[in-house]
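Notes for the one structure printed next.
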Amino acid sequence: MLEHDSFSNPTTHSKTTGLPRKRFYRARAHSNPLSDSHFLVPISPAHFENDCTAHFPKFFPNGSKKIEFADIGCGFGGLLISLATLFPDTLMIGMELRDKVTEYVKERILALRASSPGRYDNVSVVRTNSMKYIPNYFEKAQLTKMFFLFPDPHFKEKNHRRRVISPHLLDEYAYVLKVDGIIYTISDVEELGAWMKGCLDDHELFEPLTEEELAADPVVELLSTATEEGQKVARNEGQTFRAVYRRIASARPR
Amino acid sequence: MVEHDIDESEQKLDAEVAPALIAVHPYQKFVSVAVGSDLRVFSFQHGSAAQLSDDTGGHKDSIRAIRYSKSGNLFVSGGDDKLVKVWDTDSWRCVYSVVSEKRVTSLAVSGDDKFVSFADKFGVVYVVDIGDYDDENRATVHKKAVPILSHYCSIITRLDFSPDGRYIISADRDFKIRVTLFSKERLEGAHEIQCFCLGHTEFVCSLAFPRSQDYARGLLVSGSGDSTVRLWDYNSGSLLDTCEIGTKAGLSNSNQKQEDALPAVTDLCETCDGSMVAAAIQRTLSIAKVVSIAGETFIPTSISAASSVPLLWMVMGASSLSATDSTLLARVRVVSGLGADHSEPIVPETSVVEDKEVPGGEPLLQALQGRLTINEEASLTTAEAVKTAMHNLLIKKQYSAERRDFRKRGRNDKKIKP
């Protein structure tokens, strides 16, 4: 009965939990990574530090911390929300190309900060094209974890170059990751899973984690359970294909 | 009906107009000018135009980049015909021809003449190993290029090997400069990025390497559409200084509200002793001080200098827009008085050299310009063509809302309301 009101005068947030409701933030699943949308991009990581006051008001401007985790293509924010409480002292950010979805995540974080004070101050989201602008946000060797969960498979061969994990883009990810930083990837598409694993295997700055290391890392479990995509795959009883690698120092002479 | 109009104006802009380029041999043995698909070389030794010989018939479409190697033995050219050609400067024979998947936008030759690097329109940088150069072989050899790095979906406007040979530096249209470790072990892929030089707010279009006694580490100067010239340490990526060159040259007017109020830097070149950098700005030329080119409309599109002689060569020109122009015009001017020893009490004045005094004289101007004198009208049309060329090259096409919807009419997932 209360729902009736929301149709004629829709509020985008739920009355009971205060959280934003997904139906008001619907967007197409795909967004063109090749187009230059008109969102603001920081000129350099130093400039982005200034923006961080808005993102993490409790940690900036006097903070000495830097962002350490980045969720590339964070979607509706499932992973970030789970990580925020698991690593309360680490700053993390989500990067998403679709503006409606970014709005949703922003609203979700604000609502959570209001309902659980003291928690979720360490997580935020930014709308950006991470395939083009990652070096604008992060300094060399700043990140300790990067996440690529269920990226767009771009099935056609001519679109393979739009995939977020590719041999050349890995150069940039290796640049922003610290040595011993971890890159987590997962997909429900077998071909994409094999592709990502292949790219990481071939790249001289990444090596795979061992089975023991995977078992010991609490984050690995979250990859398939924490996000909406992951939960959907589990509901449909699909398979997931994971590739988790560590950033290593180059073996070449400088 | 409206759609037709949009089509036509789009077509006009779509016609790819290429700016003229100039390159000077390090010991000023030759000067080359490239306009459209025409490559003109003047030899000082013979006092006449050099004859180029190429098994594949030269370039078929606009040339977008030309360079001499540091030693002067090699010359490279590449452009819209998706070919990179390496020429031997003794015989002016094309010794290597490399096919690129996409149009070539920039070129570089390594300091030791062993590698040629080129970038294509999609942001991928390739390397060709030419260390096995054999000047006994008379036929043009076809070589394969290997991709080593890329700027994702960004046109690379400038490519260079650092003077110490350790890095390959690439600048793109999305304001970024990337410094990557390069060595012969990295021919399959230059994966280690040393740093990014970030700070420009518009496309970066040129790079130069000044040398300074006080600063032993690598200095890099970059020019950009944001009308600044910036100085960087390319080992760390830190910005050392910024020069608002548009304001300095007295060109920008703070009262103007138009979009192109800021004159873009079109090219940079270091003087022969490396102590100064010349910047060609959309309307004039600036070398620490401003040198105005009086008496004619002159927009230098490309500048170059020999490392041994204190002269700066400039060219203005573009491949023609309309089909009526038969000769591709290029105007060549020279600036003298550069690279002077600053310890001398009297510094010679930097000035534009008159046509009569240009080294090589009339034969040079004839060979490189296409004709001896260029009247004012031709100058003006060339100036217009140049502006269009630079605009198309460097500024991202902005489509109006109707045009965007028109382009999306084929999509079947989202109906555009009529």
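The values are calculated or read from the model by the stated rules, or taken from the named source; none is laboratory data. Everything numeric in this text was worked out from a predicted model, so none of it was measured. Cβ: placed from backbone, ideal geometry, glycine included. Neighbour counts: every protein chain shown.
Can you name every residue in segment B:159-176 that is of a type outside the set (D, E, K, R) and assigned to a strand (DSSP E or B)?
Initial filter on segment B:159-176 (of a type outside the set (D, E, K, R)): B:159, B:161-163, B:165, B:167-171, B:175.
Result: B:Leu159, B:Phe161, B:Tyr167, B:Ile168, B:Ile169, B:Ser170, B:Ala171.
Being over 17 Å from A:His55 (Cα atoms) and modelled with pLDDT of 90 or more narrows it down to one residue among A:Val176, A:Val105, A:Val123; which is it? If you could, list the steps in order and put the result at the bottom.
Working: A:Val105 fails: over 17 Å from A:His55 (Cα atoms); A:Val123 fails: over 17 Å from A:His55 (Cα atoms).
It is A:Val176.
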- Message: All but one of (1) among the hydrophobic types (A, V, I, L, M, F, W, C); (2) within 21 Å of the chain's Cα centre (by Cα); (3) surrounded by fewer than 17 Cβ atoms within 10 Å (Cβ to Cβ) hold for B:Ala139; state the number of the condition that does not hold.
- Response: (2)
- Query: With respect to A:Val101, is the statement that it is within 14 Å of chain B (Cβ to nearest Cβ) and crowded, with 21+ Cβ neighbours inside 10 Å true?
  - Reply: no
- Message: in a loop (DSSP other than H, G, I, E, B) and either charged (D, E, K, R) or under 17 Å from the mean Cα position of the chain (by Cα) (or both): is that true of A:Glu139 in this structure?
- Response: yes
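Would you be able to tell me the number of residues in segment A:170-181 that are surrounded by 21 or more Cβ atoms within 10 Å (Cβ to Cβ) and either of a type outside the set (Ser, Thr, Tyr) or within 9 Å of chain B (Cβ to nearest Cβ) (or both)?
Qualifying residue count, segment A:170-181: 8.
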- Task: Name the single residue, out of those in segment A:182-212 being hydroxyl-bearing (Ser, Thr, Tyr) and part of a strand (DSSP E or B), that is nearest to the other protein chains (Cβ to nearest Cβ).
- Result: A:Thr185
- Item | Hey, A:Gly63 part of a strand (DSSP E or B) and of a type outside the set (A, V, I, L, M, F, W, C) or not | no
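With segment B:66-108 as the region, which strands (runs of 3 or more DSSP E) entirely inside it contain at least 2 residues that are farther than 15 Å from B:Thr140 by Cα? I'd like the intermediate steps shown before the answer.
On the way: elements: B:74-79, B:83-88, B:93-99.
Of the strands (runs of 3 or more DSSP E) lying wholly inside segment B:66-108, those with at least 2 residues that are farther than 15 Å from B:Thr140 by Cα span B:74-79.
Could you say whether any residue in segment B:101-123 is within 14 Å of another protein chain (Cβ to nearest Cβ), surrounded by fewer than 22 Cβ atoms within 10 Å (Cβ to Cβ) and hydrophobic (A, V, I, L, M, F, W, C)? It would help to see each step written out before you state the result.
Quick first cut of segment B:101-123, residues within 14 Å of another protein chain (Cβ to nearest Cβ) only: B:101-102, B:119-123.
Narrowing further to those that are surrounded by fewer than 22 Cβ atoms within 10 Å (Cβ to Cβ): B:101-102, B:121-122.
The next check asks that each one be hydrophobic (A, V, I, L, M, F, W, C); those that pass are B:122.
Yes, segment B:101-123 contains at least one residue that is within 14 Å of another protein chain (Cβ to nearest Cβ), surrounded by fewer than 22 Cβ atoms within 10 Å (Cβ to Cβ) and hydrophobic (A, V, I, L, M, F, W, C).
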- Of the numbered conditions (1) at pLDDT below 75; (2) more than 21 Å from the chain's Cα centre (by Cα), A:Lys22 satisfies every one except a single condition; which is it? (2)
- Of all the residues that make up segment B:20-65, how many are of a type in the set (Phe, Trp, Tyr) and either without any contact (Cβ under 8 Å) to a residue 40 or more places away in the chain or in a loop (DSSP other than H, G, I, E, B) (or both)? 2
- In this structure, does A:Val244 turn out to be part of a helix (DSSP H, G or I) and of a type in the set (A, V, I, L, M)? no
- Query: Which condition breaks for A:Pro153 when tested against (1) more than 26 Å from A:Thr53 (Cβ to Cβ); (2) of a type outside the set (S, T, N, Q); (3) touching a strand residue (DSSP E or B) at 6+ places or on another chain (Cβ under 6 Å); (4) assigned to a loop (DSSP other than H, G, I, E, B)?
  - Reply: (3)
